[in-house]
Structure formats: structure tokens, C-alpha cells
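The values are calculated or read from the model by the stated rules, or taken from the named source; none is laboratory data. Treat the numbers as computed from the prediction; the structure is a model and nothing was measured. When we count neighbours, we look across all protein chains shown, and the Cβ atoms used for this are built from the backbone with ideal geometry, even at glycine. Calculation scope for accessible area: heavy atoms of the full protein, side chains included, ligands and nucleic acids excluded. Shrake-Rupley method; radii C 1.70, N 1.55, O 1.52, S 1.80 Å.
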Amino acid sequence: MYRAPRGTSDILPEEQAYWRHIEQKVVNVCHLYGYERIDTPTFEDTRLFSRSIGEGTDIVEKEMYTFEDKGGNQLTLRPEGTAPVCRAYLEHGMHNLPQPVKLYYMAPIFRYERPQAGRYREHYQFGYEAYGDGAPTLDAEVIDMAWQFFSSLNLHRLSLNLNSIGCRKCRPGYLATLKDYYSKYAQGLCSDCKVRLERNPLRLLDCKQPLCQEVASSAPRSINYLCPECDEHFNRLQGYLKLLELPFEVNHRLVRGLDYYTRTVFEIKPEAGGAQSTIGGGGRYDDLIEELGGKPTPAIGFAMGMERIALNLKKQGIAIPVLPRPRVFIAYIGDEARDEVVKLAARLRRAGIGAIGVVGGKSLKAQLRQANNFAASYTVIVGEQEVRTNTVVLRDMVTSEQITIPTGELQGRLNTGLR
Ligand code: HAM
């Protein structure tokens, strides 16, 4: 027996209501904030990702699904959505459009991680990116959009963590101070952190090991080392977030797992969440477009895991709309009637009335049982007598009342009855 590969899953029909509900809210919120949809290929040139996410990151070092195709091209299944959208922005000359250009996506993401609850090797992300506006008002709007999206899903009890990690002007000074501080504790750090100390000191702050966490808690804070421009940006952003009444918290250990960020970084998680609980994260990446060969273009974005959203909807017991199903079941008795119900079912569907029926050799009793299983509101029954008199029996499945009506009246009756 084959099974879905480890860390992947099927989204079965009973799960689909959550996904369609989330998607519908995505479309609504994107419309409200002026984002247009973009879909990019499932795989891209490997260098696009190593260049943008960063060589020393877990994603690039350990998690990418990279392969060589038959033409010898090095390709990678999308391990995140931002770099492909940047590539598309550049490739299609979107800097010529009125800025900011605002784009969103919903797409599968592939990371070779150790699977556990809420962490998969294939997951879906809803993300959005805005290009060409460096003002902190846009940061506030991007954060507000995330918050409103969760509110529209009735997801509450969330926390919003915020930090600024500076820019290429002020970050080197901060990193030097951070390294200095950590060097004193180098002996006691976990093996990963020993490597981080050399290669990616910012990530030291993010380590989950208890001893490393202790060191991190008293580490120098990036916000105390910002240049005047970054400092002003961060202060103004906090002012706007207060204006919008968003309950944020500055978390000096929030650094994110991708290297392209500048200035603002933020994450949203459930108040009572563990390590794998972050629902979404994002931030500014003002240098990335230039690093990928474009003109200097400020940018900011956010992405969230759709599985984690669905998980939280379930955890918080939030009711979601059921997906529409056919509410009319068509049953028949006898061969002659079968031809009639084949036509009847087709006629109802063409008139926009969902209809299902068993065109097999089942007894009427079995067919009615099936109508119940499908939770049909009405069953239309056609037997030899009905064929001869051009009528149908209409059975209300809730009250079990049955009436015989001319076939020509069926559509009208169902239209009123199903409303
Ligand atoms: P990220 O934090 O790596 O950011 O991923 C965004 C979200 O995707 C996470 O907060 C989490 O909900 C979900 N996620 C990540 N990995 C997994 C996994 N293995 N299984 C299930 N869910 C997962 C980014 O990818 C950036 N591109 C976000 C961004 C957009 N920054 C700027 N614009």
C-alpha cells in the first residue's frame, strides 16, 4: 500500500470546508486592502532562494527540495513565497507600475523539516507583498491587514510580536556587540549556536535550548542600536499601531528565520502557543529587490500557514459555514422510471438545482436510506404510475410528508422549498 510521503497530507472532503472558508476570507481581505493575486511556478532556479533566504539559514542549508532536471538545470521546489514574487516583480517590470504594487498568493511550500503537529514538509501559505513604499504607514497597514484577516475568521486570543532589526547601516554595529556578548558564553552554548555565533549571530536570539535562552534573555537589544532613520521608522510604526489599537508587544528576541529582513519584523501566534505555533510572520526587506538585480525598492510582506489557521479554528471551536451540497435526492422504482429520472436529474441540474440519485438496482427503502445519509431536504420519487401520469412524488425528508405533483411543477416547488 502506498502512503502519502512523510510530512505531507491529503486534504479530504471533510476538511475542505475549512480551506474554502479561509480562502474566501483571504480574497475578501485582499480586496479590502487592494492586493491582487499572483501565482508563480512551483519550482524556481535554486540560486533565487539561496541568494534571498540566505546561505546560512536552516531553510537553505537543510530543508530545500532541490533537484537537477533532465536539462541539467538546478531547480528547487518553492520553500517560501517572497523570493518568487520578487523575481516576478523584476521579470515583468512592475517597477514601472504605480507603486506600491500589492500582490498576494496562496501556494504550496516545500521544506524538508522534521514533521510534527503543525509542521509539515508540504504546507500551504497565504502571503502578501507590497513593493515601492518605504514609509512606516505601510508597515502598519500590512500588520493591520494580518490582524483584520484573523479577526474576520473570528480567531482571537492572538499575540502580535514586533521588533526592528535595523538596516545595512546600523546592523553590523549591533551584530558586533551581540557577538562580543555571546563570546563570553560560547562554552555553554548548544552546538548549533556555536555555529551561529560565527555565521549568523542574529539567529542566536531565536534558539529554543533552555541554556541558550537564558543567555539570550539578557543579550543586547537591536532596538538600542538602530541608526536615527531606523529608530524614527520604528517609533512612527509603533505610533500608527497604537492609532489602530493593535495590541502589539516589542519582543527583542524576534529575528525570523530568513536573512532578507530589514527594520520591521513581526509574528502572530496564539497566546497559549508552543514552539510550532506561530501562525504567521513577516517584515520589511528593503534590500532584496536590489540584491536580485533591480533598482533599490523598499518592500514588506507577511505569510501565514493555512494548516495552522485551520488547526486554530478547530482548537478555538469556531463554527464555519458548511459547503453547499445537493439537497434533492431522486429515487425511482422500475426500469421505465429509471430513464425518466436520468432526464429529470439532468433537467434540475441545468436549472441550477443540485440533485443526486442512485441509478442502480436498489430498493426504494435502500434509496431513501441513502437520501437520509446525504442529508437531502427532499426526495423525488418516480415509479411506473408517475411515468404514466407525468407526475412525481415529492417527499419532505424532515416531516416525511409526501405529495404527488405534476412533473412540470417540480422545479418551481423545489425553488421555493429550498430557499
Ligand atoms: P515563515 O515564517 O518561514 O515566513 O513562514 C510563514 C508561516 O508559514 C509560518 O508562520 C507558519 O505559519 C507557516 N509555516 C512555515 N513552515 C511551516 C511548516 N513546515 N509546516 C506548516 N506551516 C509552516 C516566510 O516564509 C516568509 N516568506 C514570510 C514573508 C512574506 N516575509 C515577507 N513576506
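Selection over the stretch 244-255 of residues that are open to solvent by less than 40 Å² (accessible area, probe 1.4 Å), within 16 Å of the ligand (Cβ to nearest atom) and within 23 Å of Arg157 (Cβ to Cβ) gives a count of 1. Taken as a whole, the condition of being within 25 Å of Ile11 (Cβ to Cβ), modelled with pLDDT of 95 or more and within 16 Å of the ligand (Cβ to nearest atom) does not apply to Tyr33. Looking across the stretch 262-294, just one residue is open to solvent by 10 Å² or more (accessible area, probe 1.4 Å), within 10 Å of the ligand (Cβ to nearest atom) and assigned to a loop (DSSP other than H, G, I, E, B), and that is Thr278. When the stretch 8-26 is examined, which residues are found to be open to solvent by 60 Å² or more (accessible area, probe 1.4 Å) and of a type in the set (A, V, I, L, M, F, W, C)? Passing the criteria: only Leu12. The single condition among (1) open to solvent by 40 Å² or more (accessible area, probe 1.4 Å); (2) within 18 Å of Gly305 (Cβ to Cβ) that Pro5 does not meet is (2). Restricting attention to the stretch 56-84 and to residues that are open to solvent by 50 Å² or more (accessible area, probe 1.4 Å) and within 16 Å of the ligand (Cβ to nearest atom), the residue that is farthest from Met306 (Cα to Cα) turns out to be Glu61. Taking the criterion of being free of Cβ contacts under 8 Å to residues at least 40 places away in the same chain, surrounded by 15 or more Cβ atoms within 10 Å (Cβ to Cβ) and in a helix (DSSP H, G or I), the residues of the stretch 198-222 that qualify are Pro201, Leu204, Cys212, Val215, Ala216.
Leu241 is checked against (1) open to solvent by less than 20 Å² (accessible area, probe 1.4 Å); (2) closer than 27 Å to Arg157 by Cβ; (3) not in a helix (DSSP H, G or I) and fails just one. What number does that condition carry? Status for Leu241: all satisfied but (3). For the stretch 109-165, which residues satisfy the criterion of being open to solvent by 20 Å² or more (accessible area, probe 1.4 Å), of a type in the set (Gly, Ala, Ser) and either without any contact (Cβ under 8 Å) to a residue 40 or more places away in the chain or more than 14 Å from the ligand (Cβ to nearest atom) (or both)? The answer is Gly132, Gly134, Ala135, Ser151, Ser152.
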